[in-house]
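Encoded as C-alpha cells, the structure appears first; notes follow it.
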Amino acid sequence: MFIGEEMGLYTCIDCGAVFDNRFKYSSHRSTHFTKGRKFPERNAKKKIITKICICGKSFDQEVSEKAKKAYIRETCSKTCTNKLIHLRDNKSKVKKIICKNCGISFEIGKRGSSKNCPACNKLNIFKKLKCALHCRNCRKELPYPNESGLCKFCWQEYQKTDKYKKKIRLKLVAAAKKKVKEGTHVGWKTRNIMSYPEKFFQKVLDNNGLKGEYVINKPIPKKNLGLKGACCYFLDFYFDKFKLDLEVDGSQHEFPERKLSDKNRDEALTKNGYKVYRIKWREIRSKAGKEYIKEEINRFLNFLPR
C-alpha cells in the first residue's frame, strides 16, 4: 500500500513528492531507480566530428568521447549508406577488362562474359538488326534499336499523322481479307438491329403507301457487278420494281475514304442498271433538322416513279 492511498494521493518514499495520479507517481519512481546506475556514454563529454561522405559532402555529428567506432556514421544519409554497402559487397566481384574493339578499359562482374565495352556492344546489336543508330527525324542517338528508326517523341508525333493511320488501316483490311480467303473468318454480315435513321425512314415509307414494295439490307454480291472479292454490297432500301436503291447516310459517310468507297460503289451499281438515291441524315431535334428531313422526303417521293 502506498502512503496516502486512502486519501487518493501518492507520496514518494524517497523524496516525499505528492501526486494525485498513479501513473505520474510510477513515472517519478522510475527516475530514482536509474539515478544509481552508471551510463558512461551519457555522462561522458561530447565532441563534434566532421567527416566526408562518399558523395563528397562534409557533415558534422555529435559523438561522446568514449563512443565506439561502430556508433560513428560514415555517411550523410540513408541513400549514401546503401551505396556504401553495395560498393563493399561488389568490390570483390568487379574486374577490369580492356575492350578488344576500341581499347577502352571497363568494369565487369564475375559472371559477365562480354569482351567488348557497352558502347561497342550497342553498335554490334544495331548492325545485326540493321537499325539506324540515330533518329531519322531529329538525329538524336537512339537508346535501343527499333524498326521505325524514330525516337520516342518523334514516334508519338508520327502516330498522329494521317499517313500512319492509313497504313494501319490497310494492314487490318489485308489481314481481314486473308482470314476470309482461308476460311477462318466468315466476313462482314448485315446487322439484325436497324439504326434509328433506318427505322425512321421505314415508318415514312410505310405511311406513304410503299409497304411491301422495298427490301431492307438487300445483299448484292460484288461478283455479280463484275468486281473482285467475296463480299457483298448491302442496299438500305431496295425497290425491286424500279431497281432503285435508297441510301440513308450518317456522319460516317463524311470521311474521305468512305466517300471514295461510296463513289466506287455507286458507279458499279449504275453500270449494272441500278439507280442510287442518297439522303444525308441530320438530327431532327431542332427545327432546322426537321424542315431539312421533310424537304428530303418530299424530293424522294417526287423522284420515285409511280
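No lab work stands behind these numbers, since they all come straight from the coordinates. Just so it is clear, the structure is predicted and the values come from calculations on it, not from any experiment. As a convention, Cβ positions derive from the backbone with ideal geometry for all residues, glycine included, and neighbour counts pool all protein chains shown.
Key figures
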quantity: Any hit, the range 249-262, residues being within 21 Å of Tyr292 (Cβ to Cβ) and touching a Pro at 6+ places or on another chain (Cβ under 9 Å); calculated: yes
quantity: Options Gly226, Gly212: the member that is free of Cβ contacts under 8 Å to residues at least 12 places away in the same chain and exposed (fewer than 13 other Cβ atoms within 10 Å of the Cβ); calculated: Gly212
quantity: Considering residues of the range 277-296 that are surrounded by 16 or more Cβ atoms within 10 Å (Cβ to Cβ) and hydrophobic (A, V, I, L, M, F, W, C) only, the residue nearest to Phe239 (Cα to Cα); calculated: Ile279
quantity: Conditions (1) surrounded by fewer than 13 Cβ atoms within 10 Å (Cβ to Cβ); (2) under 44 Å from the mean Cα position of the chain (by Cα); (3) assigned to a loop (DSSP other than H, G, I, E, B): number failed by His185; calculated: (1)
